[in-house]
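Heads up, the thing below is written out as structure tokens.
The values are calculated or read from the model by the stated rules, or taken from the named source; none is laboratory data. Since the model is a prediction, treat every value here as computed from it, not as a measurement. We place every Cβ from the backbone using ideal geometry, glycine too, and count neighbours over all the protein chains shown.
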Amino acid sequence: MGRHQVPQGDRLCGGTSEPLPLHTLAIRGTGPTMNWMEERLSRLQRWEGYQHSVESREGVQSKLDANENWHLPRAEIREALSTSAEHLDPRSYPDLADTNLAKEVSAQIGVPSDSVIPCAGADQAIDLICQAFLGPGDNAVIVSPTFSMYRLRAIIAGAECACVQMLPDLGLPVAEILRRGGPGGVAFICSPNNPTGNQFNRADVEQVLDSFQGLVVLDEAYVEFASYSLSRRVRQRRNLAVLRTFSKAYGMAGLRLGYIVANEEWAPEFLAKVQYPFPVSGVAAAMAIAMLKDRSRIEQWVGKVRNERVWLTRRLRAIPGIVVVDSEANFLMASLPVDSGEAHKRLLAAGVSTRKLGDVLDFPNCLRITVGTRRMNKQLLEGLRGIVAK
């Protein structure tokens, strides 16, 4: 039997039982040892939280653990941020009814502006979708191993999570997704996938869209670095919601801005009834608009990441025993010939932070590594060569 455990940092199906969400708990009355609040706090303590990669950034010179885009010049980003904030009054709430951001996104990706739902990052988008479309008795079908937030938020919504393992060749398990989905529910597909980096075959994703009876959530957080996007398919597919973000290609991770792309039939109502009144900061929206208008500059930065991805992949594979999965994201998953926990610790001591994954499918001792700048990548390679050699 192969290695099928999900990495500790991104667990999806770990454990033998799942704690129930708060709103499904029966009130058992009050007593000397257990009252209503104590019962709910007890359940709350049993929930899993998101596991961050490292507790401290002290001494880290090359931060390669969170898939951020370090290829954007810091001076240019600061200038864009300053210019974006210049005409804003922070005393005033941002106006979500202002359609400028939606219009710029619309022009960029080729969908109607009414299909764009701004969010405070893709994480909030996941949470809102779980709140609106999942409840007790519903199924959340999750292709794993993948980003842990799908499962964590689906559990809080009260859903039953069916984690479907991707195929040995990292392909999309179409038949199993359809079987586990049943008459409805929500299917979560991350493509390019985190943490493996591969983008699923387009025809396979389309087949799921054709046959799945519920909502398909396609997370395209890394799509700018990949071969194709299905964002425009929302015009024909009522059962498709695409997640996009400004955290990766646009270098705006610290400003927390993303959006959902969905069919015009329900996107405006979702925005009006499910989204918060003021979810996106005025500064983040203004900066995103400025970045979207300068498309050539974004394409230049994305091109640098792609080129560096090729360079880093080749040099990692040149280290004896290291296996690197072909990636269409801004990170790589590398399987090491040594213990990944020890490698992670030693790299951190040398000033390089990576994401420790452990065993992923049939790939042992994995690290997830952001494609950093040439300086960062050279520091990583130097550290790994020393670790593997010993």
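Annotations
- Test: residue in the stretch 308-325 that is under 29 Å from LEU81 (Cα atoms) and surrounded by fewer than 21 Cβ atoms within 10 Å (Cβ to Cβ): yes
- Qualifying residue in the stretch 289-308 (condition: touching a strand residue (DSSP E or B) at 6+ places or on another chain (Cβ under 9 Å) and not polar (S, T, N, Q)): no
- Boolean, ALA329 is of a type in the set (A, V, I, L, M), closer than 25 Å to HIS71 by Cα and not in a strand (DSSP E or B): yes
Okay, residues lined up against (1) outside the structural domain of TRP266 (by TED's automatic domain parsing); (2) in contact with a helix residue (DSSP H, G or I) (Cβ under 8 Å, 6 or more places away or on another chain); (3) of a type in the set (Gly, Ala, Ser):
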{"site": "GLU104", "(1), (2), (3)": "no, yes, no"}
{"site": "SER115", "(1), (2), (3)": "no, yes, yes"}
{"site": "ALA125", "(1), (2), (3)": "no, no, yes"}
{"site": "LEU128", "(1), (2), (3)": "no, yes, no"}
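This table checks each residue for (1) within 30 Å of LEU381 (Cα to Cα); (2) more than 23 Å from the chain's Cα centre (by Cα); (3) modelled with pLDDT of 85 or more.
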{"position": "ARG43", "(1), (2), (3)": "no, yes, no"}
{"position": "GLU48", "(1), (2), (3)": "no, no, no"}
{"position": "ASN69", "(1), (2), (3)": "yes, no, yes"}
{"position": "SER82", "(1), (2), (3)": "no, yes, yes"}
{"position": "ARG91", "(1), (2), (3)": "no, yes, yes"}
{"position": "PRO94", "(1), (2), (3)": "no, yes, no"}
{"position": "ALA97", "(1), (2), (3)": "no, yes, no"}
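- Looking only at the stretch 185-205, and only at residues there that are touching a residue at least 24 places away in the same chain (Cβ under 8 Å) and not in a loop (DSSP other than H, G, I, E, B), the one that is surrounded by the most Cβ atoms within 10 Å (Cβ to Cβ): PHE188
- Residue, surrounded by the most Cβ atoms within 10 Å (Cβ to Cβ), within the stretch 361-390, restricted to residues that are within 27 Å of VAL302 (Cβ to Cβ) and among the basic types (Lys, Arg): ARG368
- Enumeration of residues in the stretch 139-168 that are touching a Leu at 6+ places or on another chain (Cβ under 8 Å), modelled with pLDDT under 95 and β-branched (Val, Ile, Thr): ILE156
- Every condition in (1) without any contact (Cβ under 8 Å) to a residue 60 or more places away in the chain; (2) crowded, with 18+ Cβ neighbours inside 10 Å; (3) aromatic (Phe, Trp, Tyr) is met by PHE225 except one, and the failing one is (1).
- Among residues of the stretch 266-303 being over 30 Å from SER227 (Cα atoms) and surrounded by 19 or more Cβ atoms within 10 Å (Cβ to Cβ), the one that is modelled with the highest pLDDT is GLN275.
- THR83 vs. criteria farther than 18 Å from VAL242 by Cβ, touching a Ser or Thr at 6+ places or on another chain (Cβ under 8 Å) and surrounded by fewer than 22 Cβ atoms within 10 Å (Cβ to Cβ): no
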